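A short worksheet on the structure shown next.
The values are calculated or read from the model by the stated rules, or taken from the named source; none is laboratory data. Only a predicted model underlies this, so the values are computations on that prediction, with no experimental measurement involved. Note that each Cβ is placed from the backbone with ideal geometry, even for glycine, and that neighbours are counted across all protein chains shown.
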Amino acid sequence: MSSGTTVAEAARAARTARDARRPAVVEAAGALVWRVRQGRLQVALVHRPRYRDWSWPKGKVEPGEHVTVAAIREVEEETGLPIVLGRPLPGLQYALNDGRHKRVHYWAAQVAGRPEGPALHARPPFAPAAATEIDRVAWMDAEVARRKLTRRADAEPLDALVRAHTKGRLDTRAVVVVRHGRARSRAAHGAEELTRPLTPVGRRQAEDLVPLLSAFGVAELVTSPWARCHGTVEPYATAAGLPIGELEPLTEHAHAHDPGATADAVEALIAARAGQVDLALCTHRPVLPTVVGVLAGHARTKARAELPTADPWLHPGEMLVAHVATAADERGRRRVLAVERHLP
């Protein structure tokens, strides 16, 4: 400290430097875990003794952690329930005492069952929260939970959950579309296109996709058989103990030759599996417009508006999650009810 600087000034400078390093918005994530018992929608609430309140299980996103991974981690730590994320719900943002804001991301979620077993194999174990942090977990009917919530704003995601349930649009399965990770350039590869591999960055993207695919309960993998797509889903297949299904129409060459056949193959896959099991398919940028077009044909108006509409459609390693209703509509189709995108 220089001779002209007072202790108070030095303290203020230290606080200013510390505040500059802190994010202006604190990101947090959680879920409304739901089930139906005797025809009644129920949700899980947690009690925090420190604040003496009832709230949704949630917590801060750790440095370097993806928001979806934070959601499943926080819920399992606070409730002991391993979950699979469903459709997104309205988030909340509010001011903290230190002047920053907290932004909480919420999803509808269900306790993982047998179809989601592979997804749980791909996750690390989560340590339970201390009793001083969470001392009670309770399932409540939705209307009881609404009255029990301490913060009035916490009713907003619950109201959205109840509306979706009332309309038969709450129970969903995920169709995850993945663009392969960053690949070696064609010029540098100098060999057959189908053997062009991922770069080190692409391999890291593939590894980073593992917890994201697990968060959405992916239990089936389908990919273009080309090396860069196969390599993108391989880390998750290994972690989850899943076989990798290969679909030739998802390759660039097959799509260029007959995009209609690609659309038919994706349509058949959705008709056979969507709404029943959480699945992921990995393909190439030129194929994405056709895959997205098939999803658009199944999507309700609001979800259709959230689909990408222009090149590059998805970035390398990015995934699009289409939440598909488990129940068919009046025409026998399973509709896409919500869409979200995530980069690893």
Query raised in the report: Would you pick out the residues in the stretch 80-127 that are among the aromatic types (Phe, Trp, Tyr) and either loosely packed, with under 15 Cβ neighbours inside 10 Å or touching a Leu at 6+ places or on another chain (Cβ under 8 Å) (or both)?
Result: 94, 106, 107
Requested in this report: Check 305, 325 and return the single one that is among the small types (Gly, Ala, Ser), surrounded by 20 or more Cβ atoms within 10 Å (Cβ to Cβ) and in the same structural domain as residue 223 (by TED's automatic domain parsing).
Outcome: 325
Query raised in the report: Within the stretch 275-294, is even one residue farther than 21 Å from residue 212 by Cβ, aliphatic (A, V, I, L, M) and touching a residue at least 40 places away in the same chain (Cβ under 8 Å)?
Result: no
Query - Matching entry among 254, 272, 305 (being modelled with pLDDT under 95, of a type in the set (Gly, Ala, Ser) and out of contact with any Pro (no Cβ under 8 Å at 6 or more places or on another chain)) - result: 272
Query raised in the report: In the set 237, 187, which member is in a helix (DSSP H, G or I) and in contact with a strand residue (DSSP E or B) (Cβ under 7 Å, 6 or more places away or on another chain)?
Result: 237
Query - Residue within the stretch 122-138 that is in contact (Cβ under 8 Å) with a residue 12 or more places away in the chain, under 30 Å from residue 240 (Cβ atoms) and basic (Lys, Arg) present - result: yes
Query - Number of the exception - residue 192 against (1) out of contact with any strand residue (DSSP E or B) (no Cβ under 6 Å at 6 or more places or on another chain); (2) assigned by TED's automatic domain parsing to the domain that holds residue 270; (3) modelled with pLDDT of 95 or more - result: (3)
Query raised in the report: What pairs come up if the first residue lies in the stretch 28-45 and is among the aromatic types (Phe, Trp, Tyr), the second is in a strand (DSSP E or B), and their beta carbons are under 6 Å apart, counting only those six or more places apart or on different chains?
Result: 34/43
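Here's the yes/no breakdown for (1) of a type outside the set (Phe, Trp, Tyr); (2) part of a strand (DSSP E or B); (3) touching a strand residue (DSSP E or B) at 6+ places or on another chain (Cβ under 8 Å); (4) crowded, with 20+ Cβ neighbours inside 10 Å:
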{"site": "169", "(1), (2), (3), (4)": "yes, no, yes, no"}
{"site": "208", "(1), (2), (3), (4)": "yes, no, no, no"}
{"site": "212", "(1), (2), (3), (4)": "yes, no, yes, yes"}
{"site": "229", "(1), (2), (3), (4)": "yes, no, yes, yes"}
{"site": "249", "(1), (2), (3), (4)": "yes, no, no, yes"}
Query - Residue among 17, 11 that is assigned to a helix (DSSP H, G or I), modelled with pLDDT under 95 and surrounded by 10 or more Cβ atoms within 10 Å (Cβ to Cβ) - result: 11
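Could you run through the stretch 51-68 and say how many residues are in a helix (DSSP H, G or I) and crowded, with 22+ Cβ neighbours inside 10 Å? Working first, answer last.
We begin by selecting, within the stretch 51-68, every residue in a helix (DSSP H, G or I); these are 67-68.
If we keep only those that are crowded, with 22+ Cβ neighbours inside 10 Å as well, we get 68.
Residues in the stretch 51-68 being in a helix (DSSP H, G or I) and crowded, with 22+ Cβ neighbours inside 10 Å: 1 in total.
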Requested in this report: Being closer than 25 Å to residue 248 by Cα and among the acidic types (Asp, Glu) is the filter; apply it to the stretch 285-344 and report the residue that is nearest to the chain's Cα centre (by Cα).
Outcome: 318
Report summary line: Of those in the stretch 210-251 that are within 21 Å of the chain's Cα centre (by Cα) and among the polar types (S, T, N, Q), the residue farthest from residue 343 (Cα to Cα) is 238
